[in-house]
Amino acid sequence: MAGYKPVVIQTYPILGEKITQDTLYWNNYKTPVQIKEFGAVSKVDFSPQSPYNYAVTASSRIHIYGRYSQEPIKTFSRFKDTAYCATFRQDGKLLVAGSEDGGVQLFDISGRAPLRQFEGHTKAVHTVDFTADKYHVVSGADDYTVKLWDIPNSKEILTFKEHSDYVRCGCASKLNPDLLVTGSYDHTVKMFDTRTNESVISVEHGQPVESVLLFPSGGLLVSAGGRYVKVWDMLKGGQLLVSLKNHHKTVTCLCLSSSGQRLLSGSLDRKVKVYSTASYKVVHSFDYAASILSLALAHEDETIVVGMTNGILSVKHRKSEAKKDASSRRRRPAYRTFIKGKNYMKQRDDVLISRPSKKHLELYDRDLKNFRISKALDRVLEPEVTMKTPEVTVSIIKELNRRGVLANALAGRDEKELSRLLNFLIRNLSQPRFAPILINVAEMIIDIYLPVIGQSPVVDKKFLLLQGLVEKEIDYQRELLETLGMMEMLFATTTTKESTFTLEHKSDEFLENSLTSVLEKSKTKTNS
Amino acid sequence: MVEEASLRVVRCGGSELNFRRAVFSADSKYIFCVSGDFIKVYSTATEECVHILHGHSDLVTGIQLNPNNHLQLYSCSFDGTIKLWDYIDGILIKTFIVGHKLHALFTVAHTEDSVFVTINKEKPDTFQLVSVKLPKSSSQEIKAKEISFVLDYINQSPKCIAFGNKGEYVAAVRDFYLSVYFFKKKTTSRFTLSSSRNKKHAKNNFTCVACHPKEDCVASGHKDGKIRLWRNFDDDKKYTYTCLHWHHDMVMDLAFSVTEGTSLLSGGRESVLVEWRNATEKNKEFLPRLGATIEHISVSPAGDLFCTSHSDNKIVVIHRNLEASAVIQGLVKDRNIFTGLMIDPRTRALVLNGKPGHLQFYSLQSDKQLYNLDIVQQEYINDTNLIQIELTKAAFGCQGHWLATVEQWQEKETELELQMKLWAYNKKTQGFILNTKVSMPHEDHITALCFCNAEKSENPTLVTASKDGHFKVWILTDDSDIYKKAVGWTCDFVGSYHKYQATNCCFSEDGSLLAVSFEEIVTIWDSETWELKCTFCQRAGKIRHLCFGRLTCSKYLLGATENDILCCWNLLSCTLEWSTKLNVSVMGPDPNSENIAAISQSSVGSDLFVFKPSEPRPVYIQKNISREEVHWGVFIPRDVPESFTSEAYQWLNRSQFYFLTKSQSLLTFSAKSPEEKLTPTSKQLLAEESLPTTPFYFILGKHRQQQDEKLNDALGNELVQLPLTENIPAISELLHTPAHVLPSASFLCSMFINSLLLSKESKSAEEIPDDVDMEEEKESEDSDEENDFTEKVQDTDSIDLGEDIMHQLSKSEEKELRKLRKVDYSWITAL
């Protein structure tokens, strides 16, 4: 009593890279725009506020780029030596940067000269950041110290001297104005609390730490150093959550996607890897031309900016989705059509008779259900189907063959329909997955249409094309067999299992045999 | 201790349900069908078997309701008896001994004391319709001698005979003839269609006949798919017929709707039930995809239900509006069994090929199909010439967690399509769900399939052996990523041995060794590393069966060859332990013991040998278990172990051996005496329990409630008598009165208790009759208008019963109580 069972469409595994949501998402960017900087790009930072400009630190300059501009809209170049780590404040109005000479400079975005200069570090300052309350600046330097500065009166408030090597990275908590995290070449990442004057948590990374990142919630900390990216659970007192080793050179920069679902890491091995923050598995990876030093994502992942050691800044913009909107403009049924009758509340004396849900059937299934076999075959021979999903066409042909009506369905076609059928054969006959059934179809067509050959130049041409294809394929198979024979000789000397090779051998033989039979037939036909 | 009679081979269940038309009870609540030597009574609402009527000693060939008492059922059988049954209670009422082999049974309403049966007299192919007078007698067994001849040269099948228009005439068809016999005139008219020599009418043969319930109209079905409606057949010259043609193949059965006869039902090989309205070609309705050829159609006397019997041993109950409402499915038998007999480790159900492309799970305990698993999942095209996809192999693995199936389709020699499917058991849906589909797992036919069933094995492993000379090892691999969780099967290893065809494969009990036979050679592989360990070759023909010993005999490997040699190898010494000449056709190990059963074929019949591999002497031998070839056999673990003490039967203690013969009868061994039948222990759900509440139910419910009340009263009486030896009137009074009539419990409680403590306050005997009189008078005064006779009787009855209550009541209270009771009684009688 079961209803009509639709035809099973044979699915074939898609070879190559798996298509997932992530690959689709991360491949949906335009070709990168390359901008040449003066030196290695050590830091890229996006302004958190619209219009989402970004500051690029390279050599002794800081360039501010607009979203789509290839030329800097502003340049801060008043550094005596290399500048480091130009970072926007949360409101996007102030910019702070360290420099090789140990100075920390604060700029107004609209101005040119530094607003404040914080003097106190004796060596290069590689990392600076604003605290969550916006009024303080944190800086870490090669003199092993971490300092907290007050912006209004440009004074040093605190100094932490707990690190025993260069402090090269750090960040302040976005939630708590008193918390800051620094990573150092002494292999440790320390979390400081400005209220206690000392580190509250210290974790051992194992390698010189190149980059640290706090999750927006502040509960998780990511540190990168050496080939490792490690994730720490700060709420458990700095327990190691996961250690990732997916790069084969030092990881230099970390970045979170705007949704917080994906973590990106850039490395000297010229790759950017995308991790899922749920499972910490690599879901995608990008390749770049040179070793990557810095990486930033714009608001809503609109732009990926990567800075490299050779001074090239690569900017990728997301493809606009305007096209999609246009196509989905088609009017859909209103909401009430879907809930029609569904929200009826059963009254006391009512007997509810639910209508059996209607199973959706494809058009060809409807035809097959009613035994309209030629119609069903016509439907799957539409160019739309044959080009996009040839497996559907082949499955229907197989089903017709199973029902024993394939010859009936193939017969009685005019020139146009026949050439369409022959086109499909020419396109797909040589594919091993379709070959067994399509060779059958080719034989049947030749049998059926042999009497009318020579009546239509279009069809004759198609037949000749098919013949050429079959000949070519036979030559090809013969060559393959020769190669296999040679390889078998080689393998026989190494006395291993030859099983897999004999397997292929057989299938090829089969293909060849059947192809030759088709060839003979088509030859007799063309001769006549 | 079971008394040990000699071991007998018994047929166990799975008998045909579609042998004859099913018959509805008068109220359409039950449906009867013949099933081997039994008659089965099913509930149409629940599909449950309510009764099995035992009694006939041979195949039951016909059943009909007794036209004079619709609670009784006639049945006839090859054993020459007609039996009368009370089907509600499942009791045999009477047996009429006719003496001939009875082939079909008919009853007609107006001939009260006689029934019609089909018998064959002299030649094997000529049958006669005779009327048998059933003598009235009180004894259980009566000889019915009065046989009067009605029609000669008729078809054996009851489909070819029909009684029309309240039994005025009978129509019978055979080959190209339609004969009509009129009872009143006692004449026969015969109509002949043009014979087969004419090419146009090559398939004009009659196949079935049906008579209109009201009009003089006979419908006949033909082999070419036509239906002819005959009218005016009382005249040999003026008769006419009209043709209805939809079926493209033989019409298997016809039936008119009972009440008006306005619609005609027909069915055939297309498995589509066609309803012709008003006997016109245009007005027809269809119920398609019934699954298999329709063999019989029957209509309930009330006219609200139809039912169709199908060739796959199934009865479908269909509503008047052509909606299938219930399916009664027996063991499907009409196909070749390729998969053999298997046991589902979960349900202990027997698993084998079912409907085309399906695997059926059949419960041996309840003789019922549990469910069908659609393996092929393709639309089934009902065409005799078509080559269908065959389900050739199946195996269960990992305690029923996995099921592997192989299906093949071969149209020509070179074109072989193979598909292997792996099904995972889903606990939520309690069924198998397709997990992996492998197309063309091998280049050639798959000959064997086995799972590694060792308990310790962490990874499920499957081995397939094929004629292409390879065996492949498939393992379950984790295929999940962050987007989805998935497990699938992949090929792990491909093995071969000198390009011989692999014919069998078998895992040892602990899963450490795999034995694969390549034609004459048995190879042993290590299942860890897939290294070839050793080979055995006896040069005694191709290996047909292969199995490892179990438990204490696990060091032995058994192989049966085509040259009738059974070999036993010792795996420790790698030598032949023993061999014997035995033509083994079936070999199966018992999962619960070391025993192995082997069935050998000879020209006379099949013999069973049960043996342990370690001992050269068989445990048990039974010669000639079946005349036919035995195709498959399997041990099924018993739910409750038996306790045979005698050594010969000990092998049956923990498992039972079932086997399937060539004619597809399922047989087993029983040591019980023939009287103790293998009765299925099915719960007998009655129809009432699970009836849905429809408006009809509420209307009909009134009658039923009354019946129930009576029943409850009767029950109440019995219950009272159980705890008390004396029949205390107060209690019976209390229980006789319906609950809603009684005053509140608190009001009655003290009175009731007091009534039980009557010893002290004993009244004198004279006072009582006075009391009664007085009360009677008063009562008549109270109720002038509703002074029923019945009521009075009731009251007088109850008074002497309830005297102990009464004397405790004040007058006003008494009045009150009486009033209450009267009012309510009148209400009930009004109903």
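Every read-out reported here was derived from the displayed coordinates using simple, explicitly stated rules and does not represent laboratory data. All of these numbers come straight from a predicted model, not from anything done at the bench. Here the Cβ is made from the backbone with ideal geometry for all residues, glycine too, and neighbour counts use every protein chain on show.
Amide H contacts of B:Lys533 (H built 1.01 Å from N, in plane; Pro and chain starts excluded): B:Ile524, B:Trp525, B:Asp526 sit under 5 Å, all sequence-distant by 5 or more or on other chains.
Need one word for the protein assembly as shown: rounded, prolate or oblate. Basis is the Cα gyration tensor (sqrt eigenvalues a ≥ b ≥ c); a/c below 1.5 gives rounded, then a/b vs b/c decides. Prolate, since a/c reaches 1.5 and a/b exceeds b/c.
Per residue of peptide B:289-298, the mean number of Cβ atoms on other chains within 10 Å of the residue Cβ is 1. Applying 1/(1 + (r/R0)^6) with R0 = 56 Å to the Cβ-Cβ distance of A:Asp287 and B:Asp89 gives a FRET efficiency near 0.10. For region B:734-741, putting each phi into the Karplus relation 6.51 cos²θ - 1.76 cosθ + 1.60 with θ = phi - 60° gives couplings of 4, 7, 5, 6, x, 4, 6, 8 Hz, in residue order, rounded to whole numbers and with x for Gly and Pro. Modelled spin labels at B:Lys485 and A:Gln239, positioned 7 Å past Cα toward Cβ, are 2.2 nm from each other. When each full DSSP H helix of chain A is screened for a Cα extent of at least 24 Å along its own axis and an average Kyte-Doolittle hydropathy of at least 0.0, the helices passing are A:457-494.
Here the dipole of chain A is about 2360 debye; that uses its Cα centre as origin and unit charges on the Cβ of Lys and Arg (positive) and Asp and Glu (negative). Between B:Asn278 and B:Thr187, what FRET efficiency comes out of the Förster formula 1/(1 + (r/R0)^6) with R0 = 25 Å and r the beta carbon distance, rounded to 0.05? The pair B:Thr187/B:Asn278 has a calculated efficiency of 0.25.
Phi-derived couplings, Karplus 6.51 cos²θ - 1.76 cosθ + 1.60 at θ = phi - 60°, listed residue by residue for region A:287-300: 10, 10, 7, 9, 5, 9, 10, 9, 7, 8, 10, 7, 3, 6 Hz, with x used for Gly and Pro. First check a/c for region A:21-317, with a ≥ b ≥ c the square roots of the eigenvalues of its C-alpha gyration tensor; if it is under 1.5, answer rounded, and if not, answer prolate when a/b is larger than b/c or oblate otherwise. Because a/c hits 1.5 or more and a/b fails to exceed b/c, region A:21-317 counts as oblate.
Database remark: amide H of B:Gly354 closer than 5 angstrom to the amide H of B:Leu359, B:Gln360 (H placed geometrically; neighbours at sequence offset of 5 or more, or on other chains; Pro and chain starts carry no H).
Taken about its Cα centre, region B:442-488 carries a charge dipole of about 100 debye when Lys and Arg each add +1 at the Cβ and Asp and Glu each add -1 at the Cβ. 3J(HN,Hα) along region A:79-90, derived from phi through the Karplus expression 6.51 cos²θ - 1.76 cosθ + 1.60 where θ = phi - 60°, amounts to 10, 6, 10, 4, 8, 9, 6, 6, 10, 7, 7, 4 Hz, with x in place of Gly and Pro. Amide H contacts for A:His163 (H built 1.01 Å from N in the peptide plane; partners 5 or more residues away or on another chain; cut-off under 5 Å): none found. The simple spin-label model puts a point 7 Å past each Cα toward its Cβ; for B:Ser603 and A:Glu391 those points are separated by 5.7 nm.
Listed from fewest to most Cβ neighbours within 10 Å, the set B:Lys143, A:Lys36 follows the order A:Lys36, B:Lys143. Per-residue shielding of B:431-442, expressed as the average number of other chain Cβ atoms within 10 Å of the residue Cβ, stands at 1.
Which of B:Lys282/B:Lys314; B:Lys499/B:Lys542; B:Lys94/B:Lys136; A:Lys273/A:Lys316; B:Lys185/B:Lys237 have a Cα-Cα distance over 20 Å? Among B:Lys282/B:Lys314; B:Lys499/B:Lys542; B:Lys94/B:Lys136; A:Lys273/A:Lys316; B:Lys185/B:Lys237, the Cα-Cα distance tops 20 Å for B:Lys282/B:Lys314. Let me make sure I get this right: for region B:155-299, a, b and c are the square roots of the gyration tensor eigenvalues over alpha carbons, sorted descending. Under 1.5 in a/c it's rounded, otherwise prolate if a/b > b/c, else oblate. Which is it? Oblate, because a/c is 1.5 or more while a/b does not exceed b/c.
For the segment B:104-110, counting C-beta atoms of other chains within 10 Å of every residue's C-beta and taking the mean gives 0. Computed from label points 7 Å out along Cα-Cβ, the spacing between A:Ser279 and A:Leu363 is 3.8 nm. Its DSSP H runs of at least 4 residues, each contributing -39,500 (n - 2.57), put the calculated 222 nm mean residue ellipticity of chain A at -9000 deg cm²/dmol, to the nearest 500. Among B:Trp409, B:Trp230, A:Trp149, sorting on how many other beta-carbon atoms sit within 10 Å of each Cβ, with the fewest leading, yields B:Trp409, B:Trp230, A:Trp149. Sorting A:Thr127, B:Thr490, A:Thr20 from the fewest to the most surrounding beta carbons within 10 angstrom yields B:Thr490, A:Thr20, A:Thr127. Sorted on the mean count of surrounding Cβ atoms within 10 Å across their residues, most packed first, peptides B:178-188, B:308-318 read B:308-318, B:178-188. Rounded to 0.05, the FRET efficiency of the A:Ser110 and A:Leu158 pair, given R0 = 35 Å and the Cβ-Cβ distance, is 0.70.
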